[in-house]
1. With Leu134, Leu116, Leu121 as the choices, which residue is over 14 Å from Asp78 (Cα atoms) and either among the aromatic types (Phe, Trp, Tyr) or surrounded by fewer than 13 Cβ atoms within 10 Å (Cβ to Cβ) (or both)?
2. If the Cβ limit is 6 Å and pairs must be 6+ apart or interchain, which residue in the range 212-234 that is over 17 Å from Gly202 (Cα atoms) pairs with which residue that is at pLDDT below 85 and part of a helix (DSSP H, G or I)?
3. With the requirement that a residue be under 21 Å from the mean Cα position of the chain (by Cα) and aromatic (Phe, Trp, Tyr), what does the range 117-165 give you?
4. Could you tell me which numbered condition Arg227 fails, if it satisfies all but one of (1) within 30 Å of Ser81 (Cα to Cα); (2) in contact with a Pro (Cβ under 9 Å, 6 or more places away or on another chain)?
5. Could you list all residues from the range 181-234 that are of a type in the set (Ser, Thr, Tyr) and either assigned to a helix (DSSP H, G or I) or within 33 Å of the chain's Cα centre (by Cα) (or both)?
6. Hey, can you tell me all the residues within the range 78-100 that are more than 22 Å from Ala139 (Cα to Cα) and either surrounded by fewer than 16 Cβ atoms within 10 Å (Cβ to Cβ) or without any contact (Cβ under 8 Å) to a residue 12 or more places away in the chain (or both)?
7. Would it be correct to say that Asn87 is farther than 30 Å from Asp197 by Cβ and at pLDDT 90 or above?
8. Across the range 90-110, which residue is nearest to Ser178 (Cα to Cα) among those that are outside any helix (DSSP H, G or I) and within 10 Å of the chain's Cα centre (by Cα)?
Amino acid sequence: MQQVITWLGWFLLACGAIVLLLSPWMPPSAPELFKGAVPAGVLIALAGHLFSQARAAKESVEKRSHFYLDSCVKAYDDARSLLQDGNNDRATWIAAGRALMHAKHLAASVTVDAHLRVLELERLKYRGFFNEVLESKPAAFFYGVAGTYASLDDAGAASSVGEERGGRTLVSAARQLSDKALYAVWEAAQWPQHYKDPLDRGFSSEERAGLHLLFPGLHEFLEHKERWNSAGGKLFPRKQQ
């Protein structure tokens, strides 16, 4: 809509300029609409009004996008705060999962390109955190129990041991982490399907030639890496094209 209003404004401005330039050469029989500075002034004034409307629409879109960006980042930060102490409390993980789902839906309303780049930078930071939260934990951790157990069966059984709550004794309690909460954390740790890596190029041959004098160590490394491949603690010669 903003672009349509802007295009219409430029069209009216062009029409006004044409009317103003051609009015001295208009024949007497031409309609009054195309004569004199008044019609041109009206068209130019309308164009100015449309430009103002387009600018207001753009500012509205930017404010809306910025609001969703801030809200999304806050939701990610809330989820991180809930899990950064390494707990395996079921209720805490559910709260973190809900915060991440809110962050996901808020992110869909971030539309301005600069805001999207900031959002991806923030996601990069949180992605590593949530990956570590899941990657470093043993299987028994996800049953929501404390301490160590001889087997995963023992941890699973311990996750439903009864307890006293509010003066009442419960025969069975649910401590294992919610699958849905685990999915939300796992999803936040994933790379997007169509992720475009900003690191999209290396040194060109001309740039590498310039490194020889200014950055000799870097130049030597790149030359060495081009000749040798390191794997399993050993060097193997690369196949030269």
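The values are calculated or read from the model by the stated rules, or taken from the named source; none is laboratory data. Bear in mind that the values here come from a model prediction, so they are computed numbers and not experimental data. Virtual Cβ from ideal backbone geometry, glycine too; neighbours counted across all protein chains shown.
1. Numbers: Leu134 fails: either among the aromatic types (Phe, Trp, Tyr) or surrounded by fewer than 13 Cβ atoms within 10 Å (Cβ to Cβ) (or both); Leu116 fails: either among the aromatic types (Phe, Trp, Tyr) or surrounded by fewer than 13 Cβ atoms within 10 Å (Cβ to Cβ) (or both).
Answer to the check: Leu121.
2. none
3. Tyr126, Phe129, Phe130
4. (1) is the only condition that Arg227 fails.
5. Residues of the range 181-234 of a type in the set (Ser, Thr, Tyr): 183, 195, 204-205, 230.
Within the range 181-234, Tyr183, Tyr195, Ser204, Ser205 qualify.
6. Kept after step one, since they are more than 22 Å from Ala139 (Cα to Cα), are these residues of the range 78-100: 78, 81, 98-100.
Passing the criteria: only Ser81.
7. Working: farther than 30 Å from Asp197 by Cβ: yes; at pLDDT 90 or above: yes.
Judged against the criteria, Asn87 is a match.
8. In the first step, residues of the range 90-110 are kept if they are outside any helix (DSSP H, G or I); the result is 108-110.
Subsequent filtering for residues that are within 10 Å of the chain's Cα centre (by Cα) retains 108, 110.
On the way: Ala108: 25, Val110: 29 Å.
For the range 90-110, the residue satisfying everything is Ala108.
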